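Following: one structure in structure tokens, then a few remarks.
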Amino acid sequence: MGVQESVQKPLDRLAEALSAEMGAVNVLIRDRMSSEHAPRIPEVTAHLIEAGGKRLRPMLTLAAARIMGYGGPFHIHLAATVEFIHTATLLHDDVVDESRQRRGRPTANLLWDNKSSVLVGDYLFARSFQLMVEPGNLRTLEILSNAAATIAEGEVLQLTAAQDLRTDEGIYLKVVRGKTAALFSAATEVGGVIAGATPDQVRALFDYGDALGIAFQIVDDLLDYGGATETIGKNVGDDFRERKLTLPVIKAVARATPEERAFWSRTIEKGDQRDGDLDHALSLLARHGAMEAARADALSWSAKAKASLARLPAHPIRDMLADMADFVVSRVA
């Protein structure tokens, strides 16, 4: 996802501070993404790698381990595992959502086909489980395997909730915690566990990742209705066209008149979308202050992420994670 240079610096600083370890992660990823017998696998995975992306999630694992003073090699394996899980879910999500663009490039399912995307995603999930057992730490294995299950559960919940006007903010939060925040929190948590952090420190790292992931997803939902295509890496209004009840729409539906609710029912629940409907949806979001209310929620979660860091040892990387929480919401500030 592209970002303006003025708000890119916190992520760049973290990447620079972790450059040696991320280099080792990238080598491991390329090695384990290869396949001797199925050339389609490296073709699809190379397309994803070349699309860019800052690899924030594996950096969170490395950052957590560094803050807690870890000196071993296995945070590299755990960070690579996190990226494998993330990449696998991207392949599957694009098939489920029938997406045509990711990070400003055609999706794998568009360039190849749905079968290739699903099966390569399955391959990456299998590779992630191979990687996560190598540190020989039962707790990190439990955290990451639970995260993989939670992500799948969140995606299935979204299938039933995303087009149901009865979906409220509580259900939305369950979906977001599943499909997005679960991997953020697992990434930070395993970094602390492998480093031997105390239970309170591990919980603080979990809380940071959880809140950061929720803020990240709310911002993504906001940008879908108010960002530029080159900034968000997908087409503006994709969530509306895909009939997803994201937070701004949920807030607007909660305040809707009967006539407005009929509009949302037609476009989201029934999928009967016509010319001008996206513009009308945007006008309803503005009428009820839904975008501003969702933005306030994102800022609140960002503040919670920063507050959790106070329970961790003072460290330059900790300060960078605080800046990261600000960076995530700066796209809609």
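In this structure, GLU16 does satisfy being open to solvent by 10 Å² or more (accessible area, probe 1.4 Å), among the acidic types (Asp, Glu) and modelled with pLDDT of 90 or more.
Among the residues of segment 122-142, the ones that are part of a helix (DSSP H, G or I), surrounded by fewer than 22 Cβ atoms within 10 Å (Cβ to Cβ) and not hydroxyl-bearing (Ser, Thr, Tyr) come to 10 in all. Pairs linking a residue in segment 128-142 that is closer than 17 Å to GLY72 by Cα and at pLDDT below 95 to a residue that is of a type in the set (S, T, N, Q) and surrounded by 16 or more Cβ atoms within 10 Å (Cβ to Cβ), with Cβ atoms under 6 Å and 6 or more positions apart or on different chains, are LEU131/THR81; MET132/THR81. Taking the criterion of being farther than 14 Å from ASP210 by Cβ and open to solvent by 60 Å² or more (accessible area, probe 1.4 Å), the residues of segment 163-180 that qualify are GLN163, ARG166, ASP168, GLU169. Screening the candidates THR167, THR160 for the property of being part of a helix (DSSP H, G or I), out of contact with any strand residue (DSSP E or B) (no Cβ under 7 Å at 6 or more places or on another chain) and not charged (D, E, K, R) yields one hit, THR160.
Condition first: open to solvent by 50 Å² or more (accessible area, probe 1.4 Å) and closer than 13 Å to HIS86 by Cα. Now tell me which residues in segment 151-162 satisfy that.
Passing the criteria: only ALA152.
Working only within segment 194-229, note down all residues that are open to solvent by 30 Å² or more (accessible area, probe 1.4 Å) and not acidic (Asp, Glu). GLY196, THR198, PRO199, GLN201, ARG203, PHE206, PHE216, GLY226, ALA228, THR229 - these are the residues of segment 194-229 that are open to solvent by 30 Å² or more (accessible area, probe 1.4 Å) and not acidic (Asp, Glu). Residue pairs whose Cβ atoms lie under 8 Å apart, separated by 6 or more positions or on different chains, with the first residue in segment 183-208 and over 9 Å from ALA64 (Cα atoms) and the second open to solvent by 40 Å² or more (accessible area, probe 1.4 Å) and hydroxyl-bearing (Ser, Thr, Tyr), are ILE194/TYR70; GLY196/TYR70.
The values are calculated or read from the model by the stated rules, or taken from the named source; none is laboratory data. All figures in this text were calculated on a predicted structure; none of them were measured in a lab. With ideal geometry, Cβ positions are generated from the backbone for all residues, glycine too; neighbour counts draw on all protein chains shown. These area figures cover heavy atoms from the full protein model, side chains too; ligands, DNA and RNA do not enter into them. Shrake-Rupley method; radii C 1.70, N 1.55, O 1.52, S 1.80 Å.
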